[in-house]
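Student: Below you will find the structure I want to go over with you.
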Amino acid sequence: MTAPPDDLPAPITVADYEERARSVLPAMAFDYYAGGAEDEWTIRENRAAFGRYVLRPRVLVDVSERDAATTVLGQEVSLPVLVAPTALHRLADPEGEVATARAAAAAGSVMILSSLASRTIEEVAEAGGPRWYQLYVQRDRDLTAELVKRAEVAGYSAIVLTADLPVVGARDRDIRNDFQLPGDVRYANMRVQRPPEGRGSGLATFIAFQGDASLHWDDVPWLRSLTGLPFLLKGVVRAEDARRAVEAGFDGIVVSNHGGRQLDGTIASMDALPEVVEAAGGRVEVLMDGGVRRGSDVLKGLALGARAVLVGRPVLWGLAVGGEAGVRHVLDLLRAELDIAMAIAGCPTVADITPDLVARAR
């Protein structure tokens, strides 16, 4: 395991990192990362949902050697935990997404770069390691095509289309804080790199100005025509959308409610996962994000059919507290917890994490 990022007592959980990040980040930045839509019920549900599933460990299994390595879309990873797309990493650390990318590469994971990144597609590519690009379709369709092409040329190996942000959710914290970008931070890959001036959430203003709320299933063939890279659809929580995604030719599905940041009252990702996995029917790989904070959470997600899980806020807490080393330490904490959980549950490999390992709590 990597060393903690400073000489203070080492954080031993993701929650420790969150509390440290609260103390080092400006309140506006912390609330932007931590906050969600309206009363933030869905954020709490994303965590509570893991408690609705119990583990059923096997005994007398030889777990003297364990291996958490797997593949995702054919990409080898050392653990089934990927770095979710999150915006504006330079609010947490001057190196921003470049530091995150280096940490993900060192951990043997995949980083998914947000369309709203604060470092360029090319700068993050130079950091090395496997990486995917998360796409918000822009009102300017030429810009959308340009972003996909830049990602392909820079060596990104998949496109993750996020479909659950036609507009920005009602994020009360950002509105109260009058969330705006600091002078040295920008949306580095957009032609308009700063939001139009206004009060309230600068992100909401920017998305309303740039984003395309008309995005429809009929647009999928055009999107697929932009590149031969695999496409994943992120934001799926319904079986019928999963089936339609498979029929439309997507190569993977990410079960996600946008970390509770879009529509409060939305089903928790963990609760939506089983029906999406069943609807996908093994035809495409299914991933999930939302509320993963422990290695045992990873174990439960995989048992319910996820190929891997994505973590967003934990990575930002690590970045805020310790830069690249902090992100690497967060990923190593999750790796260590998953290793312990696999051993006690009787799962020497990821392939041994099967549906019979979990049950609904009574």
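Student: What pairs come out if I take residues in region 161-190 that are on the phi > 0 side of the Ramachandran plot and pair them with residues that are in a loop (DSSP other than H, G, I, E, B) whose C-beta lies under 9 Å away, six or more apart or interchain?
Tutor: 178/199; 178/200; 178/201
Student: Return yes or no: is residue 212 acidic (Asp, Glu) and either in contact (Cβ under 8 Å) with a residue 60 or more places away in the chain or touching a Leu at 6+ places or on another chain (Cβ under 7 Å) (or both)?
Tutor: Yes, satisfied.
Student: Could you figure out which of (1) touching a Lys or Arg at 6+ places or on another chain (Cβ under 6 Å); (2) of a type outside the set (Lys, Arg); (3) surrounded by fewer than 24 Cβ atoms within 10 Å (Cβ to Cβ); (4) under 18 Å from residue 159 (Cβ atoms) isn't true of residue 87?
Tutor: (1)
Student: Determine which member of the set 263, 302, 287, 232 is touching a residue at least 40 places away in the same chain (Cβ under 8 Å), in contact with a Ser or Thr (Cβ under 8 Å, 6 or more places away or on another chain) and among the hydrophobic types (A, V, I, L, M, F, W, C).
Tutor: 263
Student: Kindly check whether there is at least one residue in region 252-269 that is of a type in the set (S, T, N, Q), in a loop (DSSP other than H, G, I, E, B) and over 23 Å from residue 46 (Cβ atoms).
Tutor: No - not one qualifying residue is present in region 252-269.
Student: Hey, another quick one. Is it true that some residue in region 66-84 is surrounded by 13 or more Cβ atoms within 10 Å (Cβ to Cβ), within 24 Å of residue 357 (Cβ to Cβ) and of a type in the set (D, E, K, R)?
Tutor: Yes, region 66-84 contains a residue that is surrounded by 13 or more Cβ atoms within 10 Å (Cβ to Cβ), within 24 Å of residue 357 (Cβ to Cβ) and of a type in the set (D, E, K, R).
Student: Let me ask something else about it. I'd like to know if region 178-195 contains one or more residues that are of a type outside the set (Gly, Ala, Ser), out of contact with any Leu (no Cβ under 7 Å at 6 or more places or on another chain) and not in a loop (DSSP other than H, G, I, E, B).
Tutor: No; the residues of region 178-195 include none that is of a type outside the set (Gly, Ala, Ser), out of contact with any Leu (no Cβ under 7 Å at 6 or more places or on another chain) and not in a loop (DSSP other than H, G, I, E, B).
Student: Output the number of the condition that residue 244 fails; it satisfies all remaining conditions of (1) out of contact with any Phe, Trp or Tyr (no Cβ under 8 Å at 6 or more places or on another chain); (2) of a type in the set (D, E, K, R); (3) surrounded by fewer than 24 Cβ atoms within 10 Å (Cβ to Cβ).
Tutor: Of (1) out of contact with any Phe, Trp or Tyr (no Cβ under 8 Å at 6 or more places or on another chain); (2) of a type in the set (D, E, K, R); (3) surrounded by fewer than 24 Cβ atoms within 10 Å (Cβ to Cβ), only one is false for residue 244: (1).
Student: Give me the pairs: first residue in region 34-59 and of a type in the set (S, T, N, Q), second residue part of a loop (DSSP other than H, G, I, E, B), beta-carbon distance under 6 Å, and six or more apart or on different chains, which are they?
Tutor: From residues that are of a type in the set (S, T, N, Q), the pairs are 42/257; 42/264; 42/266; 46/268; 46/290; 46/291.
Student: Any idea how many residues of region 16-25 are touching a residue at least 12 places away in the same chain (Cβ under 8 Å) and surrounded by fewer than 13 Cβ atoms within 10 Å (Cβ to Cβ)?
Tutor: 0
Student: Could you figure out which of (1) assigned to a helix (DSSP H, G or I); (2) under 17 Å from the mean Cα position of the chain (by Cα); (3) in contact (Cβ under 8 Å) with a residue 40 or more places away in the chain isn't true of residue 296?
Tutor: The failed condition is (2).
Student: Would a scan of region 181-199 turn up a residue that is crowded, with 20+ Cβ neighbours inside 10 Å, of a type outside the set (A, V, I, L, M), modelled with pLDDT of 90 or more and touching a Ser or Thr at 6+ places or on another chain (Cβ under 9 Å)?
Tutor: yes
Student: Looking at 71, 42, which one is under 23 Å from the mean Cα position of the chain (by Cα) and part of a strand (DSSP E or B)?
Tutor: That would be 71, the only listed residue that is under 23 Å from the mean Cα position of the chain (by Cα) and part of a strand (DSSP E or B).
Student: Could you please give the count of residues in region 31-54 that are more than 21 Å from residue 165 (Cα to Cα) and either buried (at least 22 other Cβ atoms within 10 Å of the Cβ) or not charged (D, E, K, R) (or both)?
Tutor: 6
Student: With the requirement that a residue be aliphatic (A, V, I, L, M) and modelled with pLDDT of 95 or more, what does region 138-180 give you?
Tutor: Once the filter is applied, which keeps residues that are aliphatic (A, V, I, L, M) and modelled with pLDDT of 95 or more, region 138-180 yields 145, 147, 148, 151, 153, 154, 158, 159, 160, 161, 163.
The values are calculated or read from the model by the stated rules, or taken from the named source; none is laboratory data. All values derive from a computational prediction rather than experimental measurement. Cβ atoms come from the backbone with ideal geometry, glycine included; neighbour counts cover every protein chain shown.
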